[in-house]
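Structure first, then comments.
Readers should treat all values here as calculations from the given coordinates under stated rules, not as data from a laboratory. In this text the structure is predicted, and so the values were computed from the model without any measurement. Backbone-built Cβ (ideal geometry, glycine too); neighbour counts: all protein chains shown.
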Amino acid sequence: MNAQVTEVADPYASRVASQWEAAQRQDPVIWGDHPGPLADDQLQRHKRDGYLSLPQLLSSAEAAALLAEANRLAAAIDPAEDDCIIEPNGNAVRSIFRVHRTNDTFRAICRDPRVAGIARQILGGEVYLHQSRVNFKPPVNGKEFFWHSDFETWHVEDGMPRMRAVSISINLTENHEFNGPLMLVQGSHRTYIRCAGETPDDHFKDSLRKQEYGVPTAEAMQLLVEQGEGIVAPKGSPGSAVVFDCNTMHGSTGNLSPYARTNLFLVFNSVENRLEAPFGGKRPRPEFLGERDIVPVDKL
Ligand code: 6CS
Ligand code: FE
């Protein structure tokens, strides 16, 4: 008898064709009924819009302490370190990665129930940090982050199977219209954009400075914006935060203001959604970009 071999198609295949395509999300946004710090109406808004703006997740004093630590790290880091990313046009520090493992101040804020509790509530149970970084977006010349869905990259390049991750971006400096605040396409998390093209080898070496693969076309952006509720850019003072789904289309423009736009970006993934082999077939990115050593956040 012939064993039946069933090829299970990857629902989130991307960068496999020369044309982009819009597909339906296959996963819930809120996983189950887990207690946490968010009120019901906040959860419902996150489910509907794909993001939630929190005007005061941390106090301004806490944000100031985190900012001082971030600046201390940036001043001390050797730019040749793996987990340090430099701006595409110079040598200012753009991002420092894996701060949940390398720094006690940042580790503590990851574990804080006001932060981790949100991720557990949305993802329905125990979570770990898939990625953490401080983004500096330096004064006057800090470059943009082009439009992208984080999940698209994490699925193709890291092997994240399902949409069961959530990001919390905590503003350490004020975010306003002059310094390139986070922009999100409201409602875009319900649609998955399969991007055109193929992933180059060692893509991360360029993508973290300027992403050019795994990004939507103008037509894909138009579709998301028109079928959703448009583009939002929540403003906020230090200590404010934006929680957003792993598939929400987002990006930010450059910083033309004379002050850095610094934020702490934390990605929580469910322990039940651990990484597999990358769905794009290349070798996995380094662990400072996609954690493979799973430690539940409260055991960090
Ligand atoms: O590489 C990452 O994990 C993240 N960074 C960028 C610039 N794009 C994809 C994803 O959000
Ligand atoms: Fe992103």
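Counted by neighbouring Cβ atoms within 10 Å, the residues 195, 84 run from fewest to most as 84, 195.
Computed extension gain for residue 198 through residue 22, at 0.36 nm per residue and net of the alpha carbon distance, reaches 61.6 nm. Per-residue Cβ neighbour counts within 10 Å put 27, 245, 78 in the sequence 78, 27, 245, beginning with the fewest. Ordering 254, 266, 238 by Cα displacement along the dipole of segment 167-278 toward the positive end leaves 238 in first place; charges were set at the Cβ atoms of Lys, Arg (+1) and Asp, Glu (-1).
Applying 0.36 nm per residue to the separation of residue 141 and residue 225 and subtracting their alpha-carbon distance, the gain on full extension is 27.5 nm.
Sparse packing (at most 14 other Cβ atoms within 10 Å of the Cβ) combined with a DSSP loop state is found for the following GluC sites (Glu not before Pro) in segment 224-290: 229, 276.
As a rough footprinting exposure proxy, the listed residues 264, 256, 275 were ranked by other beta carbons within 10 Å of their own, and the order from fewest upward is 256, 275, 264. Once every DSSP H run of n ≥ 4 in the chain is given -39500 (n - 2.57) and the sum is divided by its residues, what mean residue ellipticity at 222 nm do you get, rounded to the nearest 500 deg cm²/dmol? The helix contribution divided over the chain gives -6000 deg cm²/dmol.
Cross-link reach is defined here as a Cα-Cα straight distance under 27 Å, omitting same-chain residues fewer than 8 places apart; for residue 137 the lysines meeting it are 205, 210, 235. Judged by the gyration tensor of its Cα atoms, with axes a ≥ b ≥ c, the chain is rounded; a/c sits under the 1.5 cut.
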